[in-house]
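Below is one structure, written out as C-alpha coordinates; comments come after it.
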Amino acid sequence: MTLLSVSARRLITAALLSISFLPASVMASEHEKTAGLLGGYTTRNSTAVAGIYFSYRFAPYYRVQPSIEYYFRKDGVDGFSFNIDNQFPIAIGAQKRCNFYPLAGFSYSTYSRFLSLAENKSTNTGEDTSRRTNRLGLNAGAGMEWFITPNMRLAVEAKCKLMKNYTGGVFSAAIGYIF
(Lines give C-alpha, C1' and ligand atoms only; values in the text may rest on other atoms or scores of the structure.)
Protein backbone atom coordinates (compact mmCIF):
# COMPACT_ATOMS: atom_id res chain seq x y z
CA MET A 1 0.00 0.00 0.00
CA THR A 2 1.49 3.34 -1.03
CA LEU A 3 1.36 6.46 1.12
CA LEU A 4 0.40 8.75 -1.75
CA SER A 5 -1.78 7.98 -4.71
CA VAL A 6 -0.37 8.38 -8.23
CA SER A 7 -2.35 11.60 -8.81
CA ALA A 8 -1.07 13.12 -5.54
CA ARG A 9 2.54 12.30 -6.50
CA ARG A 10 2.01 13.90 -9.91
CA LEU A 11 0.56 17.04 -8.28
CA ILE A 12 3.54 17.34 -5.90
CA THR A 13 6.00 16.80 -8.76
CA ALA A 14 4.29 19.47 -10.86
CA ALA A 15 4.36 21.94 -7.96
CA LEU A 16 8.06 21.36 -7.33
CA LEU A 17 8.88 21.75 -11.03
CA SER A 18 6.89 24.99 -11.24
CA ILE A 19 8.86 26.44 -8.31
CA SER A 20 12.12 25.68 -10.10
CA PHE A 21 11.08 27.95 -13.00
CA LEU A 22 10.43 31.01 -10.81
CA PRO A 23 12.84 33.92 -11.34
CA ALA A 24 15.63 34.35 -8.79
CA SER A 25 14.12 37.61 -7.48
CA VAL A 26 10.96 35.73 -6.42
CA MET A 27 13.00 33.02 -4.72
CA ALA A 28 15.06 35.56 -2.73
CA SER A 29 14.71 34.86 0.97
CA GLU A 30 13.13 37.50 3.16
CA HIS A 31 13.88 35.75 6.46
CA GLU A 32 10.89 37.39 8.17
CA LYS A 33 10.14 35.84 11.56
CA THR A 34 6.90 36.35 13.49
CA ALA A 35 5.82 35.12 16.92
CA GLY A 36 2.37 35.67 18.29
CA LEU A 37 -0.87 34.69 19.95
CA LEU A 38 -4.10 33.45 18.41
CA GLY A 39 -7.64 32.98 19.59
CA GLY A 40 -10.86 31.86 18.00
CA TYR A 41 -13.52 29.19 17.66
CA THR A 42 -13.56 25.51 16.71
CA THR A 43 -16.53 23.69 15.26
CA ARG A 44 -15.22 20.33 16.55
CA ASN A 45 -16.80 20.81 19.97
CA SER A 46 -18.20 24.34 19.51
CA THR A 47 -15.80 26.04 21.88
CA ALA A 48 -13.01 28.60 22.11
CA VAL A 49 -9.45 28.11 20.87
CA ALA A 50 -6.27 29.75 22.18
CA GLY A 51 -2.74 29.25 20.98
CA ILE A 52 0.71 30.44 20.04
CA TYR A 53 2.50 30.43 16.70
CA PHE A 54 5.82 31.15 15.07
CA SER A 55 6.28 31.76 11.35
CA TYR A 56 9.37 31.93 9.20
CA ARG A 57 9.27 33.34 5.68
CA PHE A 58 11.74 31.56 3.42
CA ALA A 59 10.80 33.49 0.27
CA PRO A 60 8.38 36.27 -0.70
CA TYR A 61 5.69 33.69 -1.56
CA TYR A 62 6.36 30.93 0.98
CA ARG A 63 6.52 30.61 4.75
CA VAL A 64 6.08 27.84 7.28
CA GLN A 65 4.11 28.29 10.50
CA PRO A 66 4.18 25.82 13.37
CA SER A 67 1.52 26.42 16.02
CA ILE A 68 0.01 24.93 19.16
CA GLU A 69 -3.73 25.31 19.81
CA TYR A 70 -5.74 24.46 22.91
CA TYR A 71 -9.45 23.68 22.58
CA PHE A 72 -11.24 24.66 25.78
CA ARG A 73 -13.34 22.04 27.54
CA LYS A 74 -17.01 21.83 26.63
CA ASP A 75 -19.33 18.90 27.31
CA GLY A 76 -16.42 17.02 28.88
CA VAL A 77 -14.10 17.27 25.83
CA ASP A 78 -10.97 19.39 25.39
CA GLY A 79 -7.85 19.04 23.29
CA PHE A 80 -4.52 20.18 21.92
CA SER A 81 -3.46 20.47 18.29
CA PHE A 82 0.12 20.73 17.03
CA ASN A 83 0.24 22.12 13.49
CA ILE A 84 2.80 22.76 10.76
CA ASP A 85 1.21 24.84 8.02
CA ASN A 86 2.69 25.97 4.72
CA GLN A 87 1.43 29.42 3.77
CA PHE A 88 1.71 31.14 0.40
CA PRO A 89 1.23 34.93 0.94
CA ILE A 90 0.08 37.04 -1.99
CA ALA A 91 0.38 40.84 -1.56
CA ILE A 92 -2.74 42.90 -2.16
CA GLY A 93 -2.47 46.56 -3.12
CA ALA A 94 0.41 48.77 -4.18
CA GLN A 95 1.73 49.34 -0.65
CA LYS A 96 1.81 45.56 0.11
CA ARG A 97 0.48 46.09 3.65
CA CYS A 98 -2.11 43.34 3.23
CA ASN A 99 -1.70 39.70 2.19
CA PHE A 100 -4.06 36.91 1.28
CA TYR A 101 -2.66 33.42 1.85
CA PRO A 102 -3.86 29.91 1.14
CA LEU A 103 -2.49 27.31 3.52
CA ALA A 104 -1.96 23.56 3.66
CA GLY A 105 -0.33 21.52 6.36
CA PHE A 106 -0.32 18.70 8.86
CA SER A 107 -1.66 18.40 12.39
CA TYR A 108 -1.42 16.07 15.34
CA SER A 109 -4.37 16.46 17.68
CA THR A 110 -5.11 14.89 21.02
CA TYR A 111 -8.57 15.05 22.60
CA SER A 112 -9.56 14.17 26.16
CA ARG A 113 -13.06 13.06 27.07
CA PHE A 114 -13.58 13.40 30.79
CA LEU A 115 -15.88 10.83 32.32
CA SER A 116 -18.90 11.90 34.32
CA LEU A 117 -19.09 10.91 37.99
CA ALA A 118 -21.49 8.06 37.15
CA GLU A 119 -19.21 6.73 34.38
CA ASN A 120 -16.18 6.93 36.66
CA LYS A 121 -17.93 4.98 39.43
CA SER A 122 -18.93 2.27 36.95
CA THR A 123 -15.27 1.68 36.00
CA ASN A 124 -14.49 0.97 39.68
CA THR A 125 -11.09 2.61 39.45
CA GLY A 126 -10.31 5.78 41.29
CA GLU A 127 -7.43 6.72 39.05
CA ASP A 128 -7.96 8.12 35.57
CA THR A 129 -11.16 9.94 34.75
CA SER A 130 -10.52 10.61 31.09
CA ARG A 131 -10.17 8.88 27.75
CA ARG A 132 -7.62 10.21 25.25
CA THR A 133 -7.89 10.04 21.45
CA ASN A 134 -4.94 10.98 19.22
CA ARG A 135 -5.23 11.75 15.50
CA LEU A 136 -3.00 12.77 12.59
CA GLY A 137 -4.65 15.06 10.09
CA LEU A 138 -4.39 17.53 7.25
CA ASN A 139 -5.05 21.28 7.37
CA ALA A 140 -6.44 23.28 4.46
CA GLY A 141 -7.66 26.87 4.49
CA ALA A 142 -6.92 30.51 3.88
CA GLY A 143 -6.24 33.74 5.73
CA MET A 144 -5.78 37.50 5.47
CA GLU A 145 -3.10 39.51 7.23
CA TRP A 146 -2.44 43.21 7.73
CA PHE A 147 0.85 44.81 8.66
CA ILE A 148 -0.24 47.54 11.07
CA THR A 149 3.32 48.70 11.76
CA PRO A 150 6.65 47.35 10.49
CA ASN A 151 6.74 45.13 13.61
CA MET A 152 3.07 44.19 14.09
CA ARG A 153 0.93 41.75 12.13
CA LEU A 154 -2.82 41.12 12.53
CA ALA A 155 -4.40 38.12 10.81
CA VAL A 156 -7.67 36.22 10.47
CA GLU A 157 -7.71 32.62 9.32
CA ALA A 158 -10.15 29.81 8.54
CA LYS A 159 -9.00 26.24 8.15
CA CYS A 160 -10.47 22.77 7.96
CA LYS A 161 -8.78 20.04 9.98
CA LEU A 162 -9.33 16.73 8.19
CA MET A 163 -9.02 13.81 10.65
CA LYS A 164 -10.69 10.43 10.97
CA ASN A 165 -13.87 10.91 13.06
CA TYR A 166 -12.67 14.36 14.26
CA THR A 167 -12.93 16.64 11.21
CA GLY A 168 -13.78 20.25 12.07
CA GLY A 169 -13.14 23.88 11.31
CA VAL A 170 -11.05 26.43 13.17
CA PHE A 171 -11.65 30.16 12.81
CA SER A 172 -9.05 32.37 14.46
CA ALA A 173 -7.65 35.87 14.81
CA ALA A 174 -3.96 36.43 15.57
CA ILE A 175 -1.59 39.17 16.55
CA GLY A 176 2.14 38.81 16.05
CA TYR A 177 5.44 40.58 16.56
CA ILE A 178 7.69 40.65 13.48
CA PHE A 179 11.43 40.52 14.14
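Take segment 43-64 and flag every residue that is more than 10 Å from Ala174 (Cβ to Cβ), out of contact with any Gly (no Cβ under 6 Å at 6 or more places or on another chain), part of a strand (DSSP E or B) and open to solvent by less than 40 Å² (accessible area, probe 1.4 Å).
Kept after step one, since they are more than 10 Å from Ala174 (Cβ to Cβ), are these residues of segment 43-64: 43-50, 54, 56-64.
Narrowing the set further to residues that are out of contact with any Gly (no Cβ under 6 Å at 6 or more places or on another chain) leaves 45-48, 54, 56-64.
With the extra rule that they be part of a strand (DSSP E or B), the set shrinks to 47-48, 54, 56-59, 62-64.
Matches in segment 43-64: Thr47, Arg57, Ala59, Arg63, Val64.
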Practice prompt. Determine which member of the set Ser130, Ser67, Ser107 is small (Gly, Ala, Ser), out of contact with any helix residue (DSSP H, G or I) (no Cβ under 6 Å at 6 or more places or on another chain) and modelled with pLDDT under 95.
Written response: Ser130
Worksheet item: When segment 131-179 is examined, which residues are found to be of a type in the set (Ser, Thr, Tyr), within 15 Å of Asn83 (Cα to Cα) and part of a strand (DSSP E or B)?
Response: Ser172
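The values are calculated or read from the model by the stated rules, or taken from the named source; none is laboratory data. Quick caveat, the model's predicted, so the values are computed rather than measured. So basically every Cβ, Gly included, is an ideal-geometry build from the backbone, and we count neighbours across all protein chains shown. With ligands, DNA and RNA removed, areas are computed over all heavy atoms of the protein, side chains included. Shrake-Rupley method; radii C 1.70, N 1.55, O 1.52, S 1.80 Å.
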